[in-house]
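Below is one structure, written out as structure tokens; the observations come after it.
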Amino acid sequence: MKIRQRRLGSLLLSVVMLLNLFPMTVLAAEEEWVQIYNASDLGKIVQNPSGNYHLARDIDLAGAEWSPIDSFTGKLDGNDKMISNFTISDTTASNSGLFSSVGAAGRISNLGIEGASITAGDNAGILAGENNGTISQCYTKGSISGNKYVGGLVGQNAGTIEDSFSRAEVSGKDYLGGLVGASSGIVSHSYAASSLLASVFNNYLDFNGTTGYIDIPHRDSY
């Protein structure tokens, strides 16, 4: 019995020594990225808005009415590519843009949008009607018209916008911004060179929800 115990003890000691020599390494699973090649691929994001997407080519959406991607909580790496010429024409719609809303976990980066033409209601932005996530190194060009909370990049922002800009024609009635219509979030190292046309000027830029014609509390943005 003692011999068996000694053998068992020796075996356990050998196992411990081997584990010390060759420690176990737990590898994190690599993220899967879906390649976006055309308009059809782009439209399929709605089937899995929490996925990871990589824009492989420039995409021209001319000739079709675009349906905004809702509740996006995944990642879209634009890969310095461009999406162009999409149209939205619905004055009753809220949260209009390429994305209707970006959730807190959503990340959109390295994306350009040109030739967009949007006519919408409240919360309208060429990239997103409402942002609660992170938008980085993106730009927009085109025209957008709405009612309230209308911006060249984002309609309402409660997330983070960084290193981005807009050069769009923006029109509406209330809370307009060349970059963002209204924001309680963070805007940094970003700017707008947009023309604003409004029937009522309550705010050109209302970045922190306070009243005032121009209020940009975040540095390096204009």
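Quick note: the coordinates plus some simple rules give every number you see, no bench work behind them. Just so it is clear, the structure is predicted and the values come from calculations on it, not from any experiment. Ideal geometry is used to build each Cβ from the backbone, glycine not excepted, and the neighbour counts take in all protein chains shown.
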Filter the cross-link list Lys75/Lys148; Lys44/Lys75; Lys81/Lys148 down to pairs whose alpha-carbon distance in this structure exceeds 26 Å.
Lys75/Lys148; Lys81/Lys148
Would you pull out the residues with amide H under 5 Å of Leu76's amide H, same chain only if 5 or more places away, H placed 1.01 Å from N?
Tyr53, Arg107, Ile108, Ser109
In order over region 37-47: 3J(HN,Hα) from phi, Karplus 6.51/-1.76/1.60, θ = phi - 60°, whole Hz, x for each Gly or Pro, gives 10, 8, 4, 5, 4, 4, x, 6, 4, 4, 6
Roughly speaking, what is the stretch gain from Ser89 to Tyr37, that is 0.36 nm per residue apart minus the C-alpha to C-alpha distance, in nm to one decimal?
16.2 nm
Can you work out ³J(HN,Hα) from phi for every residue in region 114-129, in order, using Karplus 6.51 cos²θ - 1.76 cosθ + 1.60 and θ = phi - 60°, giving whole Hz and x for Gly and Pro?
9, x, 6, 9, 10, 10, 9, x, 8, 6, 10, x, 4, 7, 8, x
Could you sort the peptides 102-112, 163-173, 46-56, 147-157 by per-residue average Cβ neighbour count (10 Å cutoff), highest mean leading?
147-157, 163-173, 102-112, 46-56
Which residues in region 63-80 place their backbone N less than 17 Å from a point set 7 Å from the Cα of Ala56 along the Cα-to-Cβ direction?
76-80
Amide H of Ser143 versus every other amide H placed in the peptide plane: which residues, excluding those fewer than 5 positions away on the same chain, fall under 5 Å?
Ala116, Ser117, Ile118, Glu169
